[in-house]
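**Q** Would you mind keeping the following structure in view while I ask a few things?
The numbers here are math on the coordinates, done by the rules we state, and not lab data. Predicted model, so just to flag it, every value in this text is computed and none were measured. Cβ coordinates were reconstructed from backbone atoms using ideal geometry, including for glycine residues, and neighbour counts include every protein chain displayed.
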Ligand code: SF4
């Protein structure tokens, strides 16, 4: 499938996946309903979410955003207070420190606005490629694919790639997926991975794309 990518077929598959993930209320869609498309909030949630379950990330985000709503306010908040608000996410002490530094940097270097390009986003403390690309695609509608474990796993199961690591998958997907499908790619595969094509027991019998899927490695 890598060399002869059938774009129309892939488009149809992605549509079916998105519809099913939405119907099953995947956390990735819930996140949007709760937090909207504010770039600052999505960036903060991205930092909070590493090694943390979605529910805990949302809980921490809700508490934090009940007190602050801008990088300026977060930059002024005491680290101890941030720690209390985000308690429950993995490495909360470290993340509190990083959030404050990131907020300060956004205020100082980017005029209080989350930058809209990859290069500048990657300069922000705590922001890696995955978080940066989520912000670019989900908030700014730019053609980037953030590759996390869901995107890596499902791309391999579908035979889009044959790779051993998310980093490798990232490089190949950036090349083979047309720009028009990149914007929704992460959201769709993450939502589908959270609800249907799960890591350990994928729901292949109930899967709306089972007739297209070679189930590689399942
Ligand atoms: S058929 Fe199974 S492996 Fe393939 S996408 Fe559906 S759930 Fe995943």
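**Q** Using a 10 Å cut-off around each Cβ, can you sort 144, 87 from fewest to most neighbouring Cβ atoms? Before the final figure, lay out the partial values.
**A** Numbers: 144 23, 87 14.
Fewest to most other Cβ atoms nearby, the residues stand as 87, 144.
**Q** Let me ask you something else. Could you list, bin by bin from short to long, the percent of Cα-Cα pairs of the stretch 26-128 in 10 Å steps?
**A** 16, 52, 30, 1
**Q** Can I ask one more? How much length would be gained if the chain were fully extended between residue 164 and residue 11, taking 0.36 nm per residue of separation minus their Cα-Cα distance, in nm to one decimal? Spell out each step's value before the answer.
**A** Values: separation 153, 0.36 × 153 = 55.08 nm, distance 2.46 nm.
Stretched out fully, the residue 164 to residue 11 stretch lengthens by 52.6 nm.
**Q** How far, in degrees from 0 to 90, does helix 166-176 lean away from the longest principal axis of the Cα atoms of the chain, to the nearest 10?
**A** 60 degrees
**Q** Take the alpha-carbon centre of the stretch 90-138, take the same for the stretch 2-46, and report the distance between them in whole Å.
**A** 21 Å
**Q** Helix-only estimate, please: 222 nm mean residue ellipticity of the chain, summing -39500 (n - 2.57) across DSSP H runs of length 4 or more and dividing by its residues, to the nearest 500.
**A** Values: 12 runs with 129 residues, N = 218.
Computed ellipticity for the chain at 222 nm equals -18000 deg cm²/dmol.
**Q** Also, quick follow-up: Among rounded, prolate and oblate, which fits the stretch 149-198 when a ≥ b ≥ c are the square roots of the eigenvalues of its C-alpha gyration tensor, a/c under 1.5 means rounded, and a/b larger than b/c means prolate?
**A** Values: a/c = 1.96, a/b = 1.14, b/c = 1.71.
Because a/c hits 1.5 or more and a/b fails to exceed b/c, the stretch 149-198 counts as oblate.
**Q** Using only the alpha-carbon atoms, how far is helix 7-23 inclined from the longest principal axis of the chain? Give it as 0 to 90 degrees, nearest 10.
**A** It is inclined by approximately 60 degrees.
**Q** Let me ask another. Which order results if 153, 80, 24 are arranged by neighbouring Cβ count within 10 Å, fewest first? Working shown, then result.
**A** Numbers: 153 20, 80 10, 24 15.
Ascending Cβ contact count within 10 Å gives the list 80, 24, 153.
**Q** Going by alpha carbons, how many degrees (0 to 90, nearest 10) lie between the helix axis of 92-110 and the longest principal axis of the chain?
**A** 80 degrees
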